[in-house]
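Written below as structure tokens is the structure these notes are about.
The values are calculated or read from the model by the stated rules, or taken from the named source; none is laboratory data. Please read these numbers as outputs of a predicted model, since none were measured by experiment. Every residue, glycine as well, gets a Cβ built from its backbone with ideal geometry; the counts of neighbours run over all protein chains shown.
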Amino acid sequence: MQPLSLRIESTPGYSPLIGRLVGMMAYARVTTLAAVQGLSVAQLDHLHDAESNSIGALLTHIAVVEQSYQVLTFEERVLSPEETSRSAAALKLGAMGRESLRGQPLEHYVEQLAKVRAETLKALASRDDEWLERSVSIAPRMNCHWAWFHVMEDELNHRGQIRWLRGRLPKATPSVD
């Protein structure tokens, strides 16, 4: 495996600014995946306390936030009522997420993240830096650049939570022979 670049540079296949954003998003994703490597279903579902989110729920949240911003910036619309209903647990987390976002192996979450990211990269490759700086039509206070920065900073925020939660997972009890 080739070492990850520690330089912010344009990524081939993208306009210069989008390419830099893609490189930063790639780095964020690698660090997120490293934070969850090797976790079992029980570890992914573990709740630190009655108010916390599980690591699995946070991974689903990361994917669904990115998917929501695809709709917002690429399709220039808000989520439909059906999409909102389908995504509510992952977007809001909390009690709804604790109840429904469970029981999946790590591969499920990794595939979900990869599928969403592939769509993002495909769409970003077809746009230019002018698009990136354009206001989002249905949310004119933000431009597309800020929207995609937010997707990345949301992932990094939750990656920090994941690292914190992972460090507090119950330790395996040694078996007594």
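For the reader, a short list of remarks on this structure follows.
- Qualifying residue in region 10-32 (condition: charged (D, E, K, R), closer than 20 Å to Ala118 by Cβ and in contact (Cβ under 8 Å) with a residue 40 or more places away in the chain): yes
- Looking only at region 31-67, and only at residues there that are surrounded by fewer than 20 Cβ atoms within 10 Å (Cβ to Cβ) and within 11 Å of the chain's Cα centre (by Cα), the one that is nearest to Met96 (Cα to Cα): Val65
- All positions within region 127-152 that are charged (D, E, K, R) and assigned to a helix (DSSP H, G or I): Asp129, Glu130, Glu133
Quick grid of which residues meet (1) basic (Lys, Arg); (2) touching a helix residue (DSSP H, G or I) at 6+ places or on another chain (Cβ under 9 Å); (3) within 19 Å of Glu119 (Cβ to Cβ); (4) touching a residue at least 12 places away in the same chain (Cβ under 8 Å):
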{"residue": "Ala35", "(1), (2), (3), (4)": "no, yes, no, yes"}
{"residue": "Gln43", "(1), (2), (3), (4)": "no, yes, no, yes"}
{"residue": "Asp49", "(1), (2), (3), (4)": "no, no, no, no"}
{"residue": "Ala57", "(1), (2), (3), (4)": "no, yes, no, yes"}
{"residue": "Thr60", "(1), (2), (3), (4)": "no, yes, yes, yes"}
{"residue": "Val65", "(1), (2), (3), (4)": "no, yes, yes, yes"}
{"residue": "Val71", "(1), (2), (3), (4)": "no, yes, yes, yes"}
{"residue": "Val78", "(1), (2), (3), (4)": "no, yes, yes, yes"}
{"residue": "Glu83", "(1), (2), (3), (4)": "no, yes, yes, yes"}
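- Restricting Glu119, Glu155 to those that are among the acidic types (Asp, Glu), part of a helix (DSSP H, G or I), within 11 Å of the chain's Cα centre (by Cα) and closer than 26 Å to Pro12 by Cα reduces the list to Glu155.
- Matching entry among Gly97, Gly103 (being loosely packed, with under 13 Cβ neighbours inside 10 Å and under 19 Å from Ile62 (Cβ atoms)): Gly103
- Criterion: within 30 Å of Arg134 (Cβ to Cβ), charged (D, E, K, R) and assigned to a helix (DSSP H, G or I) - qualifying residue of Arg98, Arg29, Arg77, Arg7: Arg29
- Screening Ala118, Ala125 for residues that are surrounded by 13 or more Cβ atoms within 10 Å (Cβ to Cβ) and either of a type in the set (A, V, I, L, M) or in contact with a Lys or Arg (Cβ under 9 Å, 6 or more places away or on another chain) (or both) leaves exactly one candidate, Ala125.
- Close contacts from region 103-126, counting a first residue that is of a type in the set (Asp, Glu) and a second that is assigned to a helix (DSSP H, G or I) and at pLDDT 95 or above, with Cβ to Cβ under 9 Å and a gap of 6+ residues or different chains, come to Glu119/Glu66; Glu119/Gln67; Glu119/Gln70; Glu119/Phe74.
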